[in-house]
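Written below as structure tokens is the structure these notes are about.
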Amino acid sequence: MTKHYVLIDYENVQPKNLILLNESKFQTLVFIGASQKTISTEKAIAMQSLGQAAEYIQISGNGKNAADFHLAYYIGVLSANDPKATFHIISKDTGFDPLVSHLRSRKIKLYRFRDIAEIPALRLSGTATLDGKVKSIVKNLIGRGTSRPKKESTLSSTITSLMTVETNKKELQEILNQLECKGYIKITEDKVTYNLPKKISVVRAS
């Protein structure tokens, strides 16, 4: 199984969907700025739920490129020990892009995303069962917190974006029907309300 290292630039992005990384293939590193003295209770609990698969790393100094240098160092060390791994920087800072381009030219599988949900490894396989897709979508929605889609049209677009293959209208409607039948959502005149559990186990097709 390919290991996926997720390096979060916490000074730049404070993700609400850490729960999405609660799978054995993910190792999460959260880089905290030198001047960041507190972490919200919500984030601390989310990190704790990941157990030994997550850790905080305090950045030394407040220089403009301090985060870049720290992430570059850890990617270098980790890629030397695990050359087949894939690395995902979570940050809105485009300053990481030259680093990404350089390391990819060195055959290191490195990408930058603005949000955890954009990581391709979290997308659903076209061969997954309907029940597996529904569970994975529910987990994704749980991780989005208050930023869940408010309209049926937006929810449909979100579901489609999670698929590795194009989803036709019939398949999409089946998924929406299952979400409603299981009581996870209720759609009224294009408006979506949610009744999601705090967590859910997910089975994906290999």
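Counting only residues that are at pLDDT below 85 and either acidic (D, E) or under 21 Å from N65 (Cα atoms) (or both), which one in the stretch 16-39 is least open to solvent (accessible area, probe 1.4 Å)?
Residue satisfying both the conditions and the ranking: G33.
Please enumerate the residues belonging to the stretch 41-64 that are of a type in the set (S, T, N, Q) and modelled with pLDDT under 80.
Once the filter is applied, which keeps residues that are of a type in the set (S, T, N, Q) and modelled with pLDDT under 80, the stretch 41-64 yields only N62.
Hey, does the stretch 168-179 have a residue that's closer than 20 Å to N22 by Cα and among the aliphatic types (A, V, I, L, M)?
Among the residues of the stretch 168-179, not one is closer than 20 Å to N22 by Cα and among the aliphatic types (A, V, I, L, M), which makes the answer no.
Any idea how many residues of the stretch 117-157 are modelled with pLDDT of 85 or more and in contact with a helix residue (DSSP H, G or I) (Cβ under 7 Å, 6 or more places away or on another chain)?
So the answer is 7.
Yes or no: F87 modelled with pLDDT under 95 and under 19 Å from L29 (Cα atoms)?
Criteria not met by F87.
Given (1) acidic (D, E); (2) open to solvent by 80 Å² or more (accessible area, probe 1.4 Å); (3) in contact (Cβ under 8 Å) with a residue 40 or more places away in the chain, where does E152 come up short, assuming only one miss?
Checking E152 against (1) acidic (D, E); (2) open to solvent by 80 Å² or more (accessible area, probe 1.4 Å); (3) in contact (Cβ under 8 Å) with a residue 40 or more places away in the chain, the one that fails is (2).
I'd like to know if the stretch 40-53 contains one or more residues that are open to solvent by 60 Å² or more (accessible area, probe 1.4 Å), more than 14 Å from Y111 (Cα to Cα), touching a strand residue (DSSP E or B) at 6+ places or on another chain (Cβ under 7 Å) and not in a helix (DSSP H, G or I).
No: zero hits.
Which of the residues spanning the stretch 157-193 are within 19 Å of I116 (Cα to Cα) and not in a loop (DSSP other than H, G, I, E, B)?
S157, T158, I159, T160, S161, L162, M163, listed by residue number.
Can you pull out the residues in the stretch 75-90 that are β-branched (V, I, T) and either crowded, with 21+ Cβ neighbours inside 10 Å or part of a helix (DSSP H, G or I) (or both)?
I75, V77, I89, I90
Of the residues in the stretch 51-84, how many are under 20 Å from R112 (Cβ atoms) and of a type in the set (S, T, Y)?
So the count comes out to 3.
Could you check, for the stretch 121-129, whether at least one of its residues is open to solvent by 50 Å² or more (accessible area, probe 1.4 Å) and in contact (Cβ under 8 Å) with a residue 60 or more places away in the chain?
Among the residues of the stretch 121-129, at least one is open to solvent by 50 Å² or more (accessible area, probe 1.4 Å) and in contact (Cβ under 8 Å) with a residue 60 or more places away in the chain, which makes the answer yes.
The values are calculated or read from the model by the stated rules, or taken from the named source; none is laboratory data. All values derive from a computational prediction rather than experimental measurement. When we count neighbours, we look across all protein chains shown, and the Cβ atoms used for this are built from the backbone with ideal geometry, even at glycine. The protein model used for the area step is the full one, side chains on, heavy atoms only, and it has no ligands, DNA or RNA in it. Shrake-Rupley method; radii C 1.70, N 1.55, O 1.52, S 1.80 Å.
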